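Below is one structure, written out as structure tokens; the observations come after it.
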Amino acid sequence: MAVEATRTAYRTCPLCEAACGLQLTVTGDRVVAARGDRDHVFSHGFVCPKGAAFGQLTADPDRLRRPLVRRGDRHEEVGWDEAYAEIEAGLRPILERHGPDAVALYLGNPNVHTMAGGLYLAPLLRAVGTRNIFSASTVDQMPKHVSCGYLYGSPLAIPVPDVDRTDFLLILGANPWESNGSLATAADFPGRLKAVQARGGRFVVVDPRRTRTAEHADEHLFIRPGTDAYLLFGIVHTLFEEDLVDLGPLAGHVTGVDEIRELARAFSPETVSGACGVPVERIRGLARELAAAPTAAVYGRIGTCTVEFGTLTSWLVDVVNVLTGNLDRPGGVMFPMAAHLRPQTRPGGKGFRVGRWHSRVRGLPEVKGELPVATLADEIETPGEGQVRAFITVAGNPVLSTPNSGRLDRALGGLDFMVSVDPYLNETTRHADVVLPPTDPTRKGHYDFSFLALAVRNFAAYSPPVLPPDPAGMDECDILARLTLVVTGQGAGADPAVLHDRMLDEALQRVSAATGRPAADLRALVSGEQPAERLLDVALRTGAYGDAFGARPGGLSLDELLANPHGVDLGPLQPRIPSVLRTPSGTVELCAPPIVSDVDRLRAALDRQRDELVLVGRRHLRSNNSWMHNVPALIKGRDRCTLQVHPVDAERLALTDGDDASVTSRAGSLSARVEVTDAVMPGVVSLPHGWGHDLPGTRLSVAATRPGVNSNVLTDEFATDALSGNSVLNGIPVAVKATGTRASDRVSARAGDVLQG
Ligand SMILES: Nc1nc2c(c(=O)[nH]1)N[C@H]1C(S)=C(S)[C@@H](COP(=O)(O)OP(=O)(O)OC[C@H]3O[C@@H](n4cnc5c(=O)[nH]c(N)nc54)[C@H](O)[C@@H]3O)O[C@H]1N2
Ligand SMILES: Nc1nc2c(c(=O)[nH]1)N[C@H]1C(S)=C(S)[C@@H](COP(=O)(O)OP(=O)(O)OC[C@H]3O[C@@H](n4cnc5c(=O)[nH]c(N)nc54)[C@H](O)[C@@H]3O)O[C@H]1N2
Ligand code: SF4
Ligand SMILES: [Mo]
């Protein structure tokens, strides 16, 4: 028997936002080991359990390798031509008869982790031409886009904490010890936080749970869910009251400071403390510490976005950074400069606005070209002109990840036609008439279009495919390109190369227009074996550090990145104000009118009766949203899908650790195992999201053995942040009751179900 050769390959981990470098051991066509790449310029050998399971995850036997077509209530494997023929027959008549808005799209989280998502969704969306575009952004970070849009003129100008140089970091509603960070790409976030302390700095965590990040912090403050805007306004109030406002070098680039002072008058620490639960003295103390620290940064994430006043909260995070002079300075919060982007040279622009169109049923405004996913079920269920009849998902599992998912699950069952681009037959894709599975990440090239623009240090890395193409599989860029061509009527057999070529031509035409060099000359210089590589080469060479197609020798290009498999370090973040600003005034506009008008609502809600018990979520190091529960190494150990309850609440509600309890909200009801712990504050219960793998018709054999329950059965599709349309997923009013059942009974009943089929 021939011995298979073993080799080492390097690849960026595509599993979360940290962008770690992996060192893979490859035997034949299998990744047999994955560890941290010690020579990687950004991650320096760090790896987490998910990255270490890269081999198991990519080789998961349940991962689809061929397309599926639904026949009755079963899915059957078919060839690619047949799958696209089904799509043509299903989709084209709907488009022709009912128009583009009858087709909705949902783009899930992994699109920001694939080159196909970064490059090939735009043409697909254009081809369909629908206004019914939805994505995971409106159950995640849309408030940050909107607040940055108003402040800096571009929803993509998101400053990140300069964690490697800061003296004081205030973290609100983020748990980077488990999540590895988000909207702040920082491989080994825990190590970087420990380094803050090692060099004499401090970090403080504000969270209704004592998370692992909170345990390592210099201080942890509990906060009542959904009330961070009050805490932050209390800090702003104190900064003015105690004359601590100091814009530093930002003075002259900021407008609206006096208006902020006026707005903050209503939010003294004494006024807000009762609502948010943070003591008056600590609110003042935080303001003083932020102002006194040589450098400081406020950083907020999921707990500041997926809440009722998500945009105001995200805005206030930056307002505090501005007022303490920490925006755009080393050690504060700064704007990264990614290699594939070109910096603007002068400040100013059209600014940011929302509401170019509105959703049909609830009239919710468009934001960044999409509508809130919280209203997707309305659009499918409500008859009339413009009703959604067909649905395309790419890398998404909205049946587990969006609010009132029980309702969405039923709505998907009533569609005329559905296509999913996804490697799994899961809770969402089980509704699809056709599932198109992309080849796994070992056969994909990787460049982080999203996260290199959010990295706490500028760097660039490209990983070529580790394994050759699977002759019977299909690359995700090809899948999306062919889908685009089918949608526009080029026929089921359309060749994706047609679109690849057109896209490269368009990119080169733009360079040609800007430089005066003939596109054909440029084309001859483009490097790359795959279509995505060629598009990346053009972006890199014309980007911030690029070789400008030879005009700037030594600059970046695809070839340069290929020659540096551990990445290319581009140095610490640099100040970018004012040229980064795209507001009409060319300044940081602190008080955009839509923001100011929502402050009235925030003030009115101060006296609101607080709910007795509210639900928040949580993340675990070995999960990633809904789709990593099918890998044995990632679900072994203790049941993680538990309802955490504080001992005081447990006693009041007669709940016992290990027993089941029913949890009921306006939207739905479920039964979960109780875990009594003082890691949550009184009045708050916590359940992770992404579980509930016990629906019929899926192919998730490992996940089904430990299904857990779907927390989004409880979240309410009618609760959204007014300015961004983002769903409220934290601070959900719930009632919890003991059911008198032991969890162990439930587990054995479930095991029985699985055996039956
Ligand atoms: N209650 C509550 N709900 C939440 C959250 C919360 O904190 N609490 N968090 C929210 C957040 S932040 C997010 S980002 C969303 C995520 O919401 P979604 O993006 O809808 O859900 P995921 O679980 O990330 O689903 C990813 C899907 O992509 C597929 N996939 C994996 N890799 C690839 C690939 O390479 N290509 C393709 N085409 N598909 C792939 C998986 O099989 C899976 O179906 O969930 C949100 N939902
Ligand atoms: N291991 C793992 N890593 C992940 C993911 C995963 O599922 N698992 N998902 C990835 C994705 S898609 C994202 S977007 C990121 C998210 O990254 P993070 O935001 O760091 O992740 P979370 O663990 O959701 O942290 C949110 C914290 O907010 C707290 N919280 C809830 N409500 C409030 C509130 O009102 N105020 C305050 N101050 N805190 C509140 C919660 O208790 C929780 O600790 O993680 C990414 N990385
Ligand atoms: S932290 Fe994120 S990028 Fe790094 S190994 Fe883990 S999953 Fe991969
Ligand atoms: Mo997310």
| message | Just to be sure I understand, how many residues within the stretch 152-175 are surrounded by 24 or more Cβ atoms within 10 Å (Cβ to Cβ) and either among the basic types (Lys, Arg) or within 16 Å of ligand 3 (Cβ to nearest atom) (or both)? | response | 3
| query | Within the group VAL3, VAL47, VAL78, VAL69, which residue is among the hydrophobic types (A, V, I, L, M, F, W, C) and either within 16 Å of ligand 1 (Cβ to nearest atom) or under 28 Å from ILE635 (Cα atoms) (or both)? | reply | VAL47
| query | Residues in the stretch 627-643: is at least one in contact with a strand residue (DSSP E or B) (Cβ under 9 Å, 6 or more places away or on another chain), at pLDDT 95 or above and in a loop (DSSP other than H, G, I, E, B)? | reply | yes
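From the list ARG346, ARG356, ARG389, ARG410, exactly one residue is over 21 Å from the mean Cα position of the chain (by Cα) and either at pLDDT below 95 or under 30 Å from SER557 (Cβ atoms) (or both). Which is it?
None of the others qualify; the one that does is ARG346.
Residues are listed down the side, and each one gets a yes or a no for (1) touching an Asp or Glu at 6+ places or on another chain (Cβ under 9 Å); (2) not polar (S, T, N, Q):
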position	(1), (2)
HIS566	yes, yes
PRO572	yes, yes
THR583	yes, no
ALA592	no, yes
ARG603	no, yes
| So, of the residues in the stretch 62-73 that are loosely packed, with under 15 Cβ neighbours inside 10 Å and in contact (Cβ under 8 Å) with a residue 12 or more places away in the chain, which turns out to be farthest from HIS629 (Cα to Cα)? | ASP73
| Looking at (1) under 19 Å from the mean Cα position of the chain (by Cα); (2) assigned to a loop (DSSP other than H, G, I, E, B), which is the one condition that is false for THR166? | (1)
| Does ALA187 meet the test of being within 24 Å of LEU540 (Cβ to Cβ), crowded, with 23+ Cβ neighbours inside 10 Å and assigned by TED's automatic domain parsing to the domain that holds ARG288? | yes
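Name the single residue, out of those in the stretch 432-448 being away from ligand 2 (no atom under 16 Å from the Cβ) and within 21 Å of the chain's Cα centre (by Cα), that is nearest to HIS75 (Cα to Cα). Show your work before the answer.
If we filter the stretch 432-448 for residues that are away from ligand 2 (no atom under 16 Å from the Cβ), which is where we start, we get 432-447.
Going one step further and asking which of them are within 21 Å of the chain's Cα centre (by Cα), we end up with 438, 440-441, 444-447.
Numbers: PRO438: 17, ASP440: 20, PRO441: 24, LYS444: 26, GLY445: 29, HIS446: 30, TYR447: 33 Å.
Result: PRO438.
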| query | Out of curiosity, is PHE240 touching a Phe, Trp or Tyr at 6+ places or on another chain (Cβ under 6 Å), touching a residue at least 24 places away in the same chain (Cβ under 8 Å) and not aliphatic (A, V, I, L, M)? | reply | no
| So is VAL333 among the β-branched types (Val, Ile, Thr), farther than 15 Å from THR166 by Cα and away from ligand 1 (no atom under 16 Å from the Cβ) or not? | no
| note | By residue number, the members of the stretch 640-662 that are under 20 Å from ARG210 (Cα atoms) and surrounded by 14 or more Cβ atoms within 10 Å (Cβ to Cβ) are ARG640, CYS641, THR642, LEU643, GLN644, VAL645, HIS646, PRO647, ASP649, ALA650, ASP657
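Go through the stretch 39-61 and count every residue that is among the aliphatic types (A, V, I, L, M) and either surrounded by 21 or more Cβ atoms within 10 Å (Cβ to Cβ) or at pLDDT below 95 (or both).
Looking only at that region, the number is 2.
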| field | All positions within the stretch 462-518 that are surrounded by fewer than 20 Cβ atoms within 10 Å (Cβ to Cβ), among the acidic types (Asp, Glu), without any contact (Cβ under 8 Å) to a residue 60 or more places away in the chain and over 30 Å from LEU570 (Cα atoms) | value | ASP495, ASP501
| Is at least one residue of the stretch 439-450 farther than 30 Å from LEU561 by Cα, crowded, with 24+ Cβ neighbours inside 10 Å and not hydroxyl-bearing (Ser, Thr, Tyr)? | no
| note | When (1) closer than 19 Å to PRO110 by Cα; (2) among the acidic types (Asp, Glu); (3) in contact with a strand residue (DSSP E or B) (Cβ under 8 Å, 6 or more places away or on another chain) are applied to GLU379, the one that fails is (1)
| message | Condition check: touching a Ser or Thr at 6+ places or on another chain (Cβ under 8 Å) and assigned by TED's automatic domain parsing to the domain that holds GLY173. Does VAL257 satisfy that? | response | no
| note | Checked the stretch 16-44 for anything more than 17 Å from PRO632 (Cβ to Cβ) and within 16 Å of ligand 1 (Cβ to nearest atom); matches are CYS16, GLU17, ALA18, ALA19, LEU22
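Return the residues of the stretch 492-526 that are β-branched (Val, Ile, Thr) and assigned to a helix (DSSP H, G or I); say none if nothing qualifies. If you could, list the steps in order and put the result at the bottom.
Within the stretch 492-526, the first condition is being β-branched (Val, Ile, Thr), and the residues that meet it are 498, 511, 515, 526.
VAL498, VAL511, THR515, listed by residue number.
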| query | Is there a residue being under 26 Å from LEU156 (Cα atoms) and without any contact (Cβ under 8 Å) to a residue 60 or more places away in the chain anywhere in the stretch 308-316? | reply | no
| helices (runs of 4 or more DSSP H) contained in the stretch 37-131 and holding at least 2 residues under 30 Å from GLY491 (Cβ atoms) and over 21 Å from the mean Cα position of the chain (by Cα) | 80-98, 115-128
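Here is a yes/no grid of residues against (1) touching a Cys at 6+ places or on another chain (Cβ under 7 Å); (2) within 16 Å of ligand 2 (Cβ to nearest atom); (3) among the aliphatic types (A, V, I, L, M):
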{"site": "ASN109", "(1), (2), (3)": "no, yes, no"}
{"site": "ALA116", "(1), (2), (3)": "yes, no, yes"}
{"site": "LEU121", "(1), (2), (3)": "no, no, yes"}
{"site": "LEU125", "(1), (2), (3)": "no, no, yes"}
{"site": "THR130", "(1), (2), (3)": "no, no, no"}
{"site": "SER137", "(1), (2), (3)": "no, yes, no"}
{"site": "MET142", "(1), (2), (3)": "no, yes, yes"}
{"site": "GLY153", "(1), (2), (3)": "no, no, no"}
{"site": "ASP164", "(1), (2), (3)": "no, no, no"}
| note | When (1) assigned by TED's automatic domain parsing to the domain that holds VAL146; (2) without any contact (Cβ under 8 Å) to a residue 12 or more places away in the chain are applied to ARG329, the one that fails is (2)
| said: Looking at ASN109 and the list (1) within 15 Å of ligand 4 (Cβ to nearest atom); (2) buried (at least 24 other Cβ atoms within 10 Å of the Cβ), which single condition is not satisfied? | reply: (2)
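The values are calculated or read from the model by the stated rules, or taken from the named source; none is laboratory data. Everything quoted here is computed from the prediction, not taken from an experiment. Note: ideal-geometry Cβ built from the backbone for every residue, glycine included; neighbour counts use all protein chains shown.
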